[in-house]
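To start, the structure itself, in structure tokens.
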Amino acid sequence: MKKIGVIYSGNEAHYRTFHEPKINQFIEKLIYHPQFVGTDISDLDVLVVPSQLNGELLMQGAQKIREFAANGGTIVAFGPQPWEWIPEQKWENRETNFWWWLEKDAKSGLVLTAPEHILFKDFLTLDDCTWHQHGCFWPTEDAEILIATEDGGAIMYDQKLATGGRWIVTTLDPDYHFGSYFMPATERFLEGFFPFLASGK
């Protein structure tokens, strides 16, 4: 099983999410965000960068995060965030569609573009990844887009590096919503996504 570390802000949503036993069982190390730069992460395989982190602290640790991926680690980034620290991506801010499901003939606007990916074959469905959008990415061609908007913008992508490192980046924010006790799909997402990360597939 892969060793997973999580950068931890200490806010109430993160506390609930990352201490929940069915999620916490997969976490090797919770790293308090103000202490991240000085913390050894060489023993980890996966580093999860949650949503709702302090932007100034995040930028201070950005180089360390990028080096972790360059040295063969997997970075998982939940959104929305100040995206400048993520290499080789273009972020497009869009109006958040909070209440789309209340509309007649409601459509989320999300499309599963890689149903053959192991994440969707064995761990998650599109419904588990559907609550709302904050914007989208236009990543480089070597990134595999897993979930997209109807016009092709990436909501989640998987980019494997020549060094053996990996970036799994999404605009989705399951940690915030599960930790805040709303959006049932986010619980299903986390129940599938953390076993996927631990499997290393």
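The values are calculated or read from the model by the stated rules, or taken from the named source; none is laboratory data. This structure is a prediction, so every number in the text was calculated from the model and none was measured. Note that we place each Cβ from the backbone using ideal geometry, even for glycine, and neighbour counts take in every protein chain shown. Keep in mind that these areas ignore ligands, DNA and RNA; they rest on the heavy atoms of the full protein, side chains included. Shrake-Rupley method; radii C 1.70, N 1.55, O 1.52, S 1.80 Å.
I'm trying to understand the selection: among the residues of region 175-194, which are in contact with an Asp or Glu (Cβ under 9 Å, 6 or more places away or on another chain) and within 17 Å of Leu47 (Cβ to Cβ)?
Leu190, Phe193
Name the residues in region 6-17 that are open to solvent by less than 70 Å² (accessible area, probe 1.4 Å) and of a type in the set (Ser, Thr, Tyr), would you?
Tyr8, Ser9, Thr17
Could we say that Trp101 is under 22 Å from Leu190 (Cβ atoms), open to solvent by 70 Å² or more (accessible area, probe 1.4 Å), at pLDDT below 90 and aromatic (Phe, Trp, Tyr) here? It would help to see each step written out before you state the result.
Details: under 22 Å from Leu190 (Cβ atoms): yes; open to solvent by 70 Å² or more (accessible area, probe 1.4 Å): yes; at pLDDT below 90: yes; aromatic (Phe, Trp, Tyr): yes.
Answer is yes for this residue.
Suppose we keep only residues that are under 14 Å from Glu84 (Cα atoms) and among the hydrophobic types (A, V, I, L, M, F, W, C) within region 58-73. Which one would you say is surrounded by the fewest Cβ atoms within 10 Å (Cβ to Cβ)?
Met59
Among the residues of region 161-171, is there at least one that is aliphatic (A, V, I, L, M), touching a residue at least 24 places away in the same chain (Cβ under 8 Å) and open to solvent by less than 10 Å² (accessible area, probe 1.4 Å)? Don't jump to the end; show me each part of the working.
Kept after step one, since they are aliphatic (A, V, I, L, M), are these residues of region 161-171: 161-162, 168-169.
Okay, now just the ones that are also touching a residue at least 24 places away in the same chain (Cβ under 8 Å), so 161, 168-169.
Within this subset, residues satisfying the condition of being open to solvent by less than 10 Å² (accessible area, probe 1.4 Å) are 168-169.
Checked region 161-171: at least one residue is aliphatic (A, V, I, L, M), touching a residue at least 24 places away in the same chain (Cβ under 8 Å) and open to solvent by less than 10 Å² (accessible area, probe 1.4 Å).
Condition check ((1) more than 15 Å from the chain's Cα centre (by Cα); (2) surrounded by 12 or more Cβ atoms within 10 Å (Cβ to Cβ)) across all residues:
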residue: His19; (1), (2): yes, yes
residue: Gln25; (1), (2): yes, no
residue: Leu30; (1), (2): yes, yes
residue: Phe36; (1), (2): yes, yes
residue: Thr39; (1), (2): yes, yes
residue: Ser42; (1), (2): yes, no
residue: Ser51; (1), (2): no, yes
residue: Glu56; (1), (2): yes, no
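Tell me the residue from Ile168, Ile145 that is more than 13 Å from Ala77 (Cβ to Cβ) and either in a loop (DSSP other than H, G, I, E, B) or at pLDDT 95 or above (or both), please.
Working: Ile168 fails: more than 13 Å from Ala77 (Cβ to Cβ).
Criteria check complete, one pass: Ile145.
Within the bounds of region 128-140, is there any residue that is open to solvent by 10 Å² or more (accessible area, probe 1.4 Å), assigned to a helix (DSSP H, G or I), touching a Lys or Arg at 6+ places or on another chain (Cβ under 8 Å) and within 22 Å of Phe26 (Cβ to Cβ)?
Quick first cut of region 128-140, residues open to solvent by 10 Å² or more (accessible area, probe 1.4 Å) only: 128, 130, 133-134, 138-140.
Filter once more, keeping what is assigned to a helix (DSSP H, G or I): 128.
Now restrict to residues that are touching a Lys or Arg at 6+ places or on another chain (Cβ under 8 Å): 128.
Cutting the leftovers down to within 22 Å of Phe26 (Cβ to Cβ) gives us 128.
Yes, the conditions are met somewhere in region 128-140.
Which of the helices (runs of 4 or more DSSP H) contained wholly in region 1-118 include at least 3 residues that are farther than 20 Å from Phe182 by Cβ, in contact (Cβ under 8 Å) with a residue 12 or more places away in the chain and not β-branched (Val, Ile, Thr)?
On the way: elements: 12-19, 21-24, 55-60, 62-70.
The qualifying helices (runs of 4 or more DSSP H) are 55-60, 62-70.
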